[in-house]
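Let me begin by presenting the structure, written as structure tokens, before commenting on it.
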Amino acid sequence: MTSSKRHLKIVESLRVTGVASVRELAERLQVSQSTIRRDLIELDRHGELVRTYGGAALSPHAAADPPAEEEPFDVSAAHDRAVKEAMAERAAELVADDMVVVLDIGTTTPLIARRLRGRRVTVITGNLAVLDELRDDDSVRLVVLGGVLRRNYRSLVGALAESALRQVSADLVFLSCTGVRANGHVVDDMAVEAPIKQAMVESAPRVVLVAGESKFPGTGSLRLCSLADVDVLVTSAGADPRTLDICRQAGGQVITA
């Protein structure tokens, strides 16, 4: 069994039991306890679980995540896909030639990237799905952030990614999140991603938040920014109108796809 498959099984097991000891996990996966300890260290580092004395517990954000297969970002529902495509179309219209654009981790940003193909722009990202969209396009100058690879989420995270973003001066950031609260706070439930998203917000004078109706209020306890920090909100029909008004009152533009 590969390490990535072991990691998936460990997290899936914790979704059922909440906590587990090293011995229990080793017996369940039929590997040595030393192998499990190494797995728990890596999963804890990536925010997938919390190490405890003699074992591990499910992290708060993982409890809210769907069970992860090879790729948790599976946009399979036709309606969900259509909504994301529509939002990506409107978001890409905000990009002018020669712009430097930062594309966040998420499922909609690769769809935005697809619409930037053939354009004379610079794209900076830690999203490997964006890399796949643009890697063969000679028109786009593609900059990939360094960091630790989260294989299940196809993203680069950690101190190297944060440090790289501190050196970035972009024109536009396309930000994703897991929730937009009624008080205007933009939140996320991925502890390992939140510092990177915060650094993205600081890297450009204009922030575009791409958040469909399901993100109102969504989930998340880690504050990324507020709607007052958002210049454009790209959303879908059904988003909470009172929350959208907070964005407008703060001077932000709301685009409904």
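Computed from the coordinates by the stated procedures, all read-outs in this text should not be read as laboratory data. This is a predicted model, so every value here is computed, not measured. All Cβ positions, glycine included, derive from the backbone under ideal geometry; neighbour counts span all protein chains shown.
Answer rounded, prolate or oblate for region 192-257, using the Cα gyration tensor with square roots of eigenvalues a ≥ b ≥ c: rounded when a/c is under 1.5, else prolate when a/b is larger than b/c, else oblate. Cα axes put region 192-257 in the oblate bin. Per-residue Cβ neighbour counts within 10 Å put Phe174, Phe216 in the sequence Phe216, Phe174, beginning with the fewest. Peptides 175-185, 9-19, 140-150 ranked from most to least packed by the mean count of surrounding Cβ atoms within 10 Å: 175-185, 140-150, 9-19. With R₀ set to 45 Å, the beta-carbon distance separating Thr17 from Ser139 gives a calculated FRET efficiency near 0.35.
Converting phi to 3J(HN,Hα) with the Karplus coefficients 6.51, -1.76 and 1.60 and the offset θ = phi - 60°, region 171-179 yields 8, 8, 10, 9, 9, 10, 7, 9, x Hz in sequence order, with x at every glycine or proline.
Taking label positions 7 Å along the Cα-Cβ direction at both Thr122 and Ser221, the computed distance is 3.9 nm, reported to one decimal. Amide hydrogen proximity for Val254: with H placed 1.01 Å from N in the peptide plane, the residues at 5 or more positions away or on another chain lying under 5 Å are Leu233.
Computed on region 90-139, with alpha-carbon pairs under 8 angstrom and 6+ residues apart, the relative contact order is 41 percent. Helical content alone sets the calculated 222 nm signal of the chain at -10500 deg cm²/dmol, taking -39,500 (n - 2.57) per DSSP H segment of four or more residues and averaging over every residue.
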